[in-house]
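Colleague: This is the structure I want to talk about, given as structure tokens.
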Amino acid sequence: MSFQRVLLRQGTVITMDDSIGDFAAADVLVNNGVIEAVAPDLGEVDAEVIDARGMIVMPGMVDTHRHTWQAALRGIAADWTLGQYMTGLHLGLSALFQPEDTYAGNLLGAVEALDTGITTLLDWSHNVNTPEHSDAAIKGLFDSGIRAVFAHGGGADMYRVPSTVPHDQDARRVRERYFSSDDQLCTMAMALRGPQFATLDVTEADLRLARELGLPVTMHVGDGEWGRSRPVTQMKDRGLLGPDTTYVHCNTLADDELQDIADSGGSVSIAPDIEMQMGHGWPATGRLMRVGIRPSLSIDTCVSNSGHMFGTMQICLATQRALDNQEPGASDRPAVSLSSRDVLSFATVDGAKACGLDRKVGSLTPGKQADIVLLRTDTPALSPLNNPIGQVVYSAHPGLVDTVMVAGQVVKSGGRLHGDIEARALRLAQESRDALFERTRHTESLTDACTGGSWQPAPLITSVL
Ligand SMILES: [Zn+2]
């Protein structure tokens with residue numbers, strides 16, 4: 001590397017570290033991949049200088065739950081319910097995935113995330129039907145250059161409800177082969193089914209495996225009707241709750257279950273966009289905050305909603321404001337309950353906490369890894385800059401992401417990803433998409449599958465489960 005030190009000169013700096021604060025103009029010095037200093041003026045420094053005037057300098061965003069393998073199928077579920085998603089995709093097209101499709105999806109999804117300023121991605125990988133699928137998923141993440149948490153979720157067959165099949169033991173091999181150290185750019189977690197998909201005995205065994213391997217856990221709970229079976233209470237009664245677990249969605253959990261998560265030190269990932277589209281229920285943002293949980297944000301799947309965090313932040317904030325505004329006397333409130341700073345915190349530092357990576361990333365704190373995003377502000381969309389955080393949340397979009405740095409490596413500058421990674425990801429995804437739909441023509445249950453927007457799978461009826 002030609003320059004170990006990089007100076008981001010005179011940007012508008014949002015650190016998301018309350019002890020440092022924000023700056024209308026400041027310098028950020030990166031040394032050997034680590035943030036060394038943030039100050040109004042660091043003076044002459046022996047470093048490569050990146051002119052950040054006219055830019056917002058902020059932490060890279062953290063997506064705490066994405067089924068990245070589905071990226072090449074983007075858009076197909078734009079008009080589907082959750083039940084249709086389960087039959088059409090998760091228990092439908094998923095079976096047609098070859099390892100090269102998993103690789104193409106993960107590469108595209110990770111590249112898309114990087115391109116939009118997401119520097120840490122928890123890949124909720126629940127279609128690794130063979131060891132080769134896991135290898136391909138991990139290679140896609142590695143090749144992209146993103147900071148990732150590969151959350152091993154086993155194969156789609158494990159999701160036939162209620163499952164009595166224990167979690168795929170190949171997770172042991174994956175842990176040993178790829179993630180023997182927790183101090184690397186990509187780390188590992190366990191994506192477990194939990195009581196909504198598996199029996200409680202299986203859930204207990206799966207959690208025991210995760211804890212034996214020393215891996216954090218992420219688990220869907222409280223999405224739609226499934227959530228009314230009190231999955232958190234079921235786990236609590238067996239003593240299974242812990243601070244190592246991230247609970248995904250939580251829409252239809254009861255308030256006391258949210259309190260139980262808080263009491264156990266667990267974290268939460270919400271995906272407001274998909275939750276409202278597909279029928280998971282109202283995003284639990286405000287209810288979580290009331291029990292002391294600051295949620296993290298996630299994209300979930302690009303088969304319907306977009307893959308960038310700007311849209312998710314806007315929807316998170318607008319939804320909670322709408323819910324608050326329905327309360328009696330709302331118009332007389334002295335202030336809003338949820339701020340744009342809260343929501344940017346969900347997308348950065350709270351996401352890092354949920355991934356167990358807040359020692360490393362999530363804020364522009366000296367000593368942390370240099371995962372940094374520069375947004376252009378010299379555009380009609382953001383100029384003049386009167387309220388940087390408010391405008392990042394409400395007005396920014398992926399087209400403004402000028403520069404992206406992961407562990408000090410600049411992977412995007414001048415609005416373009418470096419190298420041929422983008423072209424390669426697009427080509428492989430296109431080829432994969434074509435191959436998958438060709439295979440549906442020879443699959444009896446999927447003969448009506450098609451692109452173009454007209455495919456409407458018969459839904460899985462979740463209310464009887
Ligand atoms: Zn999910």
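The values are calculated or read from the model by the stated rules, or taken from the named source; none is laboratory data. The structure presented is a predicted model; accordingly, all values stated were derived computationally and were not measured. FYI the Cβ positions are ideal-geometry reconstructions off the backbone, even for glycines, and counts take in every protein chain you see. Surface accessibility is based on the protein's heavy atoms, side chains included, excluding ligands, DNA and RNA. Shrake-Rupley method; radii C 1.70, N 1.55, O 1.52, S 1.80 Å.
Colleague: How many residues does the stretch 347-401 hold that are in a loop (DSSP other than H, G, I, E, B), open to solvent by 20 Å² or more (accessible area, probe 1.4 Å) and of a type in the set (Gly, Ala, Ser)?
Modeller: Within the stretch 347-401, residues that are in a loop (DSSP other than H, G, I, E, B), open to solvent by 20 Å² or more (accessible area, probe 1.4 Å) and of a type in the set (Gly, Ala, Ser) number 4.
Colleague: Is one or more of the residues making up the stretch 308-326 within 16 Å of the ligand (Cβ to nearest atom), within 16 Å of the chain's Cα centre (by Cα), part of a loop (DSSP other than H, G, I, E, B) and surrounded by 21 or more Cβ atoms within 10 Å (Cβ to Cβ)?
Modeller: no
Colleague: Right, next: Using the structure shown, decide if residue 439 is of a type in the set (D, E, K, R), within 19 Å of residue 115 (Cα to Cα), modelled with pLDDT of 95 or more and in contact with a helix residue (DSSP H, G or I) (Cβ under 8 Å, 6 or more places away or on another chain).
Modeller: Criteria not met by residue 439.
Colleague: Does residue 221 satisfy being open to solvent by 10 Å² or more (accessible area, probe 1.4 Å), within 22 Å of residue 94 (Cβ to Cβ) and of a type in the set (A, V, I, L, M, F, W, C)?
Modeller: Criteria not met by residue 221.
Colleague: Might you check whether a residue that is touching a Lys or Arg at 6+ places or on another chain (Cβ under 7 Å), modelled with pLDDT of 95 or more and closer than 27 Å to residue 359 by Cβ occurs anywhere in the stretch 176-184?
Modeller: No: the stretch 176-184 contains no residue that is touching a Lys or Arg at 6+ places or on another chain (Cβ under 7 Å), modelled with pLDDT of 95 or more and closer than 27 Å to residue 359 by Cβ.
Colleague: Shifting gears a bit: Quick check: anything in the stretch 254-270 in contact with an Asp or Glu (Cβ under 8 Å, 6 or more places away or on another chain) and within 13 Å of the ligand (Cβ to nearest atom)?
Modeller: No, every residue in the stretch 254-270 fails to be in contact with an Asp or Glu (Cβ under 8 Å, 6 or more places away or on another chain) and within 13 Å of the ligand (Cβ to nearest atom).
Colleague: Taking the conditions exactly as written (within 13 Å of residue 425 (Cβ to Cβ), open to solvent by 10 Å² or more (accessible area, probe 1.4 Å), among the hydrophobic types (A, V, I, L, M, F, W, C) and touching a residue at least 60 places away in the same chain (Cβ under 8 Å)), does residue 91 satisfy them or not?
Modeller: no
Colleague: Condition first: open to solvent by less than 30 Å² (accessible area, probe 1.4 Å), under 25 Å from residue 340 (Cβ atoms), within 16 Å of the ligand (Cβ to nearest atom) and not in a helix (DSSP H, G or I). Can you find one or more residues in the stretch 225-246 that meet it?
Modeller: The answer is yes; a qualifying residue exists.
Colleague: Determine which member of the set 17, 22, 51, 41 is more than 30 Å from residue 90 (Cβ to Cβ), at pLDDT 95 or above, within 23 Å of the chain's Cα centre (by Cα) and open to solvent by 20 Å² or more (accessible area, probe 1.4 Å).
Modeller: Going through 17, 22, 51, 41 in turn, the sole match is 17.
Colleague: Then there's this: Given the conditions (1) surrounded by fewer than 24 Cβ atoms within 10 Å (Cβ to Cβ); (2) over 18 Å from residue 185 (Cβ atoms); (3) of a type in the set (Gly, Ala, Ser), report the number of the one that residue 145 does not fulfil.
Modeller: (2)
Colleague: Would a scan of the stretch 95-107 turn up a residue that is within 14 Å of the ligand (Cβ to nearest atom), more than 22 Å from residue 185 (Cβ to Cβ) and either in contact (Cβ under 8 Å) with a residue 24 or more places away in the chain or in contact with a strand residue (DSSP E or B) (Cβ under 8 Å, 6 or more places away or on another chain) (or both)?
Modeller: No, that holds for no residue.
Colleague: Can you pull out the residues in the stretch 150-188 that are in contact (Cβ under 8 Å) with a residue 60 or more places away in the chain and assigned to a loop (DSSP other than H, G, I, E, B)?
Modeller: Answer for the stretch 150-188, where residues must be in contact (Cβ under 8 Å) with a residue 60 or more places away in the chain and assigned to a loop (DSSP other than H, G, I, E, B): 160, 161, 162, 185.
Colleague: I've got another one for you. Go through (1) open to solvent by 10 Å² or more (accessible area, probe 1.4 Å); (2) of a type outside the set (Val, Ile, Thr); (3) closer than 30 Å to residue 370 by Cα for residue 259 and report which single condition fails.
Modeller: (3)
Colleague: Taking the residues in the stretch 283-297 that are in contact with a Pro (Cβ under 9 Å, 6 or more places away or on another chain) and within 16 Å of the ligand (Cβ to nearest atom) as candidates, determine which candidate is nearest to residue 309 (Cα to Cα).
Modeller: 297
Colleague: When you scan the stretch 58-76, do you find a residue that is at pLDDT 95 or above and among the hydroxyl-bearing types (Ser, Thr, Tyr), even just one?
Modeller: yes
Colleague: Next up: Can you tell me how many residues in the stretch 96-142 are open to solvent by less than 10 Å² (accessible area, probe 1.4 Å), closer than 15 Å to residue 174 by Cβ and among the β-branched types (Val, Ile, Thr)?
Modeller: Within the stretch 96-142, residues that are open to solvent by less than 10 Å² (accessible area, probe 1.4 Å), closer than 15 Å to residue 174 by Cβ and among the β-branched types (Val, Ile, Thr) number 3.
Colleague: Which ones in the stretch 402-440 are assigned to a strand (DSSP E or B), basic (Lys, Arg) and under 30 Å from residue 89 (Cβ atoms)?
Modeller: 412
Colleague: Something else: Just to be sure I understand the filter: pairs with C-beta atoms under 7 Å, separated by 6 or more residues or on different chains, first member in the stretch 402-416 and of a type in the set (S, T, N, Q), second member open to solvent by less than 10 Å² (accessible area, probe 1.4 Å) and not in a strand (DSSP E or B). Which pairs pass?
Modeller: That search, which allows pairs on different chains as well, returns nothing.
Colleague: Only one of 135, 143, 101, 115 is over 26 Å from residue 438 (Cβ atoms) and either touching a Leu at 6+ places or on another chain (Cβ under 8 Å) or at pLDDT 95 or above (or both); which?
Modeller: Testing whether each residue is over 26 Å from residue 438 (Cβ atoms) and either touching a Leu at 6+ places or on another chain (Cβ under 8 Å) or at pLDDT 95 or above (or both) leaves just 115.
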